[in-house]
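The structure appears right after this line, and notes come after that.
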Amino acid sequence: MYLQARRLLKLALSPVLMLLSLFSTGAWAETGARWQTNMTPGITEVGHKIYDLHMWVFYVCVVTGILVFGVMFYSVFAYRKDRHPEPATFHENTKVEIVWTIVPFLILLIMVVPATKTLIEIYDTDDAELDILITGYQWKWKYEYINPTGDNVSFFSNLLTDGAEIANTEEKGSNYLLEVDEPVVIPVNKKVRFLVTANDVLHAWWVPALAVKRDAIPGFINEAWTKATETGVYRGQCAELCGRNHGFMPIVVNVVEEPEYNAWLAEKQAAAAEIKALMAKDFSLDELVARGKNVYTSSCSACHGANGEGGVGKAIAGSPIATGPLKGHMEVAVHGVSGTAMPAFGSQLNEVDLAAVITYQRNSFGNNMGDMLQPVDIYKFKKGQ
């Protein structure tokens, strides 16, 4: 009898102890109003509605759980064998069955109404003031600002965390694996629509503070939107297992005042115009090698090694591609290699950078070919000329 009572007491205390552990391990946020282990309401109105909906459903579940476990434990104690050695013989109770059918239905009904309202708002992308096309690559993001009255502005965003931190040879920074070379910049208090897709495999663009998480699927465009109400830097990650370097494609969004956004956009447009002008320029070998070194460091060294020694990808030093015909080198760089980790950089790098990085590879790491490409050569190759 004692052992049975002790076992029942443990069962009764289990959910209580579980709740106490959550209270003890949850660190208070700066406001003291919620735990850091909970969802964040973020900096958008719809984010706050999602958070409120989450808490409302959570409390409904807590109350329901207390009532259900209360009835269960009462039944275990009040109708145990030593009190009722003869079990009841009834088979069913119509009133009880009606109650336990109607009550859950009503509980679901009071949850589904606010959930439906919030869900409709989440998917309402109408009346956006800015459109950004987001394309996932292995393993980086491409952002293209849609400009109905002129040329679009596009750029790639790559992981900026130093390789020494990843290799544990240097102390990790506060934003380890959450820093990029080119952040997204959006204006505060403006509705921004994101058009999310992928170039190769499944990705997912997720920034909790902006209440945005959308799958990036090749061949499909998914829509999402945000309207940030506070300026600042907000970070996210790819939320879909997309391959070997899945953890190395972070997202950084800078929310700024509209004048600052306009200045940033004008700077990007000027840089795009400069690239167009460079397309008509004939570069010297030294100019191409200097520019190509920077491109190689940001786009190639992670796979082919800082000194062309190879790693995930094949070595560049002494490579039959880098020391072979120029056309073969362009084919690999522009179109990639099917069935391997070598991506097609024709859509990732502009003609100037492609010409520069190919020239750099052919004249570095001991290759010393002495030849070079001009941006117009890449342009003609892409056109099949």
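The values are calculated or read from the model by the stated rules, or taken from the named source; none is laboratory data. It should be emphasised that the depicted structure is a prediction, and the values quoted were computed from it without experimental measurement. Cβ placement follows ideal geometry from the backbone for every residue including glycine, while neighbour counts extend to all protein chains displayed. The protein model used for the area step is the full one, side chains on, heavy atoms only, and it has no ligands, DNA or RNA in it. Shrake-Rupley method; radii C 1.70, N 1.55, O 1.52, S 1.80 Å.
Worth a mention:
- Residue separation of Thr169 and Phe69 scaled by 0.36 nm, minus their Cα-Cα distance, works out to 30.8 nm of gained length.
- Of the DSSP H helices in the chain, those whose Cα atoms cover at least 18 Å axially and whose Kyte score averages -0.5 or more: 2-25, 45-78, 94-122, 258-278, 285-299
- Of all lysines in the structure, those lying under 28 Å Cα to Cα from Lys227, and not within fewer than 8 positions of it along the same chain, are Lys49, Lys117, Lys140, Lys142, Lys190, Lys191, Lys213, Lys268.
- Segment 192-249 and segment 98-139: distance between their alpha carbon centers, rounded to Å: 18 Å
- Sorted largest first, extent of segment 130-276 alpha carbons per principal axis (Å): 47, 36, 33
- Residue-span extension gain [Asn147 to Tyr59] - 0.36 nm each, minus C-alpha spacing: 27.1 nm
- Karplus (6.51, -1.76, 1.60) ³J(HN,Hα), θ = phi - 60°, over segment 236-243, in Hz, Gly and Pro reported as x: x, 8, 5, 10, 10, 5, 10, x
- Each 5 Å bin from zero up to the one holding the largest Cα-Cα distance in segment 204-299 carries the following percent of pairs: 2, 10, 12, 14, 16, 16, 15, 10, 4, 1.
- For Ile316, distant residues with modelled amide H under 5 Å away: Glu309, Gly310
- Karplus-derived 3J(HN,Hα), 6.51/-1.76/1.60, for each residue of segment 148-160, Hz, glycine and proline x: x, 10, x, 6, 6, 10, 9, 6, 9, 10, 10, 4, 10
- Maximal additional length on extending the Asn368-Ala315 stretch stands at 17.6 nm, based on 0.36 nm per residue less the C-alpha distance.
- Those aspartates and glutamates that a straight Cα-Cα span of less than 13 Å connects to Lys172, excepting residues fewer than 8 apart in one chain: Asp162
- Peptide packing: for 82-92, 154-164, the average count of neighbouring Cβ atoms within 10 Å per residue gives the ranking 154-164, 82-92, highest mean first.
- Distance (nanometres) between label positions extended 7 Å along Cα→Cβ at Ile275 and Lys380: 2.2 nm
- Annotation: amide H-H contacts under 5 Å for Gln237 (H modelled 1.01 Å from N, sequence separation of 5 or more, or interchain): Trp206, Ile251.
- Histogram of C-alpha separations across the chain, 10 Å bin width, %: 4, 17, 22, 20, 13, 10, 7, 4, 2, 0
- Across Lys191, Lys172, Lys227, mean-square fluctuation computed from a Gaussian network of the chain (C-alpha pairs under 10 Å connected) peaks at Lys172.
- log10 of Debye I(q)/I(0), alpha-carbon scatterers only, for segment 296-378 at 0.14, 0.19 Å⁻¹: -0.40, -0.77
- Separation of the Glu45 and Arg83 label points, Cα + 7 Å toward Cβ, nm: 5.4 nm
- Local charge for Val201 was computed over the other residues whose Cβ lies under 15 Å away, with Lys and Arg +1 and Asp and Glu -1, and equals 0.
- Efficiency of FRET from Cβ geometry, Asp282 and Thr231, R₀ 41 Å, rounded to 0.05: 0.40
- Amide H contacts under 5 Å for Val153: Tyr145, Asn147, restricted to partners 5 or more places along the chain or on a different chain, H placed in the peptide plane at 1.01 Å from N.
- Mean residue ellipticity, 222 nm, helices only, the chain: the sum of -39500 (n - 2.57) across DSSP H runs of n ≥ 4, divided by residue count and rounded to 500, is -14000 deg cm²/dmol.
- Element breakdown for the chain at a 1.4 angstrom probe: carbon and sulfur atoms account for 60% of the accessible area.
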